Amino acid sequence: MELSTSVSLWAYGSVWLFFSFLVFFKCSNSDMVLTPALPVYFVLLVLLEWFCHLYLPVLLGIVLLSSACWYVLGVASPRRMLPVAGKAVFVTGCDSGFGNATAQILDSMGFRVIASVLDPDSLGAKDLQKKCSERLRIIQMDLTKSEDIQKAQQIISSETADTGLWALINNAGYCAHFGDAELTLQSTYRACMEVNFFGTVELTKALLPLIRYAKGRVVTVSSPAGEISFPFLAAYGASKAALSRVMDIFRHELFPWGVKVCVIQPGSYKTGAHYNRSYWEHQHQHLLASLPTELLQEYGEEYITETQNLFLDYGKTACSDFRPVTDSITDAVLSENPKVKYYAGKQTWLLYLICVYLPDCINNQFVKSLFLKNRCIPRALRKQMANYQQD
């Protein structure tokens, strides 16, 4: 037997052995079920291996066959889902966006949904009450107020005394400013941490006894900004980074209790106050009025204004179809073995590939092309450049 043929057989045999082990492991852990589609995919994989063995170099053939096996493992077989009957869920931040859409979907599936809103008289809250069944209950809660969290805990405890709380969906979030980290007010850093981190952690801890009783789930909507250093999102990104880290710690610590902890990482979506231009103008004027005079002179009002306008324009390209996010949340709530992290969005994987795994030189160019698009540069920097050119 030729050496090349021997190497090829060993290589392809190793792929099949590893693939068989993963199929057995996923089936035994209920991550996938055997369906009539699996034999069809198996035959196609055999044909693909035959083609690769005959016509492609060993390395390229192994890559192609391994990719096909990975596709079959991840897509071809459905995951085992749990029954809905008798399960109660609590969704935060349901005034609009992901929370509002998630509450509607879970209610239509038969869950007993408790939805928190910041303003019970908001259009989103009224629309939610109108579209959902009588099972859904709306409560008012501000994550920055401990008394609101305690009141919510008491209501949920009384509503779920017999069953416990199957899932807490931490969706409520806050972003108040787009701009340089140096220009971000300390009050903005604190406000983002109060809602996105401290309030969410306090609520989670308050409801954990009910979740542990049900052996349920904690599902938290975080952000890629918490894992990737996006310019102009320092306060928001820092709060989401802290949130993702503590949820990952909860995941390890709650595993012995039978509680699953999942994090959703959405791509770019039109949520929250995206359409409220007056809100962002108010935030902008508040920033200009609050910055120290010297710092405002260093950067210049024109630079600060352009930065905000660029981000608002970038938001216009965001996706308005929430289904990738709501599908991820639903899977995290109902799957027998949910994923640790869900990357919701068509281009989210590309974002992580470039910003996390590729060299810094590529990462830097990508971030620059995506965010650092100001035509106007800071005023003091313009003076430095002019002086340099004169010299």
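Points to keep in mind about this one:
- So S290, is it touching a Leu at 6+ places or on another chain (Cβ under 6 Å) and either of a type in the set (G, A, S) or at pLDDT below 95 (or both): yes
- Residues being crowded, with 17+ Cβ neighbours inside 10 Å and within 29 Å of T92 (Cα to Cα) are represented in the range 286-304 by at least one member.
Here's the yes/no breakdown for (1) exposed (fewer than 14 other Cβ atoms within 10 Å of the Cβ); (2) in contact with a Cys (Cβ under 7 Å, 6 or more places away or on another chain):
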site: L64; (1), (2): no, yes
site: A68; (1), (2): no, no
site: G74; (1), (2): yes, no
site: A88; (1), (2): no, no
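- Filtered by the rule that a residue be in a loop (DSSP other than H, G, I, E, B), over 16 Å from H284 (Cα atoms) and of a type in the set (A, V, I, L, M, F, W, C), the range 165-207 gives L165, W166, A172.
- When the criteria are applied in full, S328 meets the requirement of being polar (S, T, N, Q), at pLDDT 90 or above and buried (at least 18 other Cβ atoms within 10 Å of the Cβ).
- Residue count for the range 335-364, restricted to those that are open to solvent by less than 80 Å² (accessible area, probe 1.4 Å) and assigned to a strand (DSSP E or B): 4
- Just one of (1) of a type in the set (G, A, S); (2) free of Cβ contacts under 8 Å to residues at least 60 places away in the same chain; (3) in contact with a helix residue (DSSP H, G or I) (Cβ under 8 Å, 6 or more places away or on another chain) fails for G267. It is (2).
- Qualifying position, being at pLDDT below 95 and open to solvent by less than 30 Å² (accessible area, probe 1.4 Å), among L243, L233, L203: L233
The values are calculated or read from the model by the stated rules, or taken from the named source; none is laboratory data. Remember, predicted model here, so these are calculated numbers, not experimental data. Methodologically, a virtual Cβ is constructed for each residue, glycine included, from the backbone with ideal geometry; neighbour enumeration extends over all protein chains shown. Only protein heavy atoms, including side chains, enter the accessible area calculation; ligands, DNA and RNA are left aside. Shrake-Rupley method; radii C 1.70, N 1.55, O 1.52, S 1.80 Å.
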